[in-house]
Amino acid sequence: MLRTAEITAELTGPFAGDNGHHLHWSSQLEFTVDCFVCGRTGRTQVFECGAERALCSGSRTGLQRHRTAGRIAAYDTTSGPGRLYLRALVDFWWAPFEDARNSRPAVAPTSHPWVRLHLRSYCPEAKEAATYSIQTNQGRPRELRCPHCDSGAATDAATPAIRLLN
């Protein structure tokens, strides 16, 4: 069965001007999905814009990292004065099964939805690129600081939202 999840996130901060770090969302995200291919619940799957399939982390025993039926169906970023917003639609195939290790039933979305979103920036002072990530299980508010000049690149005040659409 094809399922679609909507993932949204918002950051605030000084994104423009001479001290702005030109922060932008990366085209990759990680999302927990119960994977019927390896028969395990709560697997981290890596999704990349434009990729036809996702990459599942697999299980510690048996099937290791493997391709699975999943893709980013839509990826929209919006920026405005002091605001950077992301909305992604993630399609993934789901089928009922019992976890191969602990016999728990699979659910869609997984019983503990989690997402990690990636960002990139450019430090005008150091003339170097930097990467950041935010995820649902981090404490908030959280300031993303440039690793080169230690200035604030953005504030992560709200947990990314995950909503199953169908």
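The values are calculated or read from the model by the stated rules, or taken from the named source; none is laboratory data. Remember, it's a predicted structure, so these values are computed and weren't measured experimentally. Every residue, glycine among them, receives a Cβ derived from its backbone with ideal geometry; neighbour counts consider all protein chains shown. Surface accessibility is based on the protein's heavy atoms, side chains included, excluding ligands, DNA and RNA. Shrake-Rupley method; radii C 1.70, N 1.55, O 1.52, S 1.80 Å.
Going through the range 152-166 one residue at a time, which ones are within 30 Å of M1 (Cβ to Cβ) and open to solvent by 20 Å² or more (accessible area, probe 1.4 Å)? Selection gives T159, A161, I162, R163, L164, L165, N166.
Residues that are among the hydrophobic types (A, V, I, L, M, F, W, C) and more than 21 Å from C38 (Cα to Cα) were ranked within the range 76-100; the one that is modelled with the lowest pLDDT is L84. Within the range 101-142, can you find the residues that are at pLDDT below 95, within 13 Å of F31 (Cβ to Cβ) and among the hydroxyl-bearing types (S, T, Y)? Selection gives T110 alone.
The rows are residues; the columns are (1) β-branched (V, I, T); (2) over 23 Å from H148 (Cβ atoms).
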position: E30; (1), (2): no, yes
position: V33; (1), (2): yes, yes
position: G39; (1), (2): no, yes
position: R43; (1), (2): no, yes
position: Q64; (1), (2): no, yes
position: V115; (1), (2): yes, yes
position: E128; (1), (2): no, no
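Restricting attention to the range 1-36, the residues that are closer than 20 Å to V107 by Cα, hydrophobic (A, V, I, L, M, F, W, C) and either over 14 Å from the mean Cα position of the chain (by Cα) or surrounded by fewer than 16 Cβ atoms within 10 Å (Cβ to Cβ) (or both) total 4.
Those strands (runs of 3 or more DSSP E) of the range 37-151 in which 3 or more residues are free of Cβ contacts under 8 Å to residues at least 60 places away in the same chain and open to solvent by 60 Å² or more (accessible area, probe 1.4 Å) occupy 70-80, 142-145.
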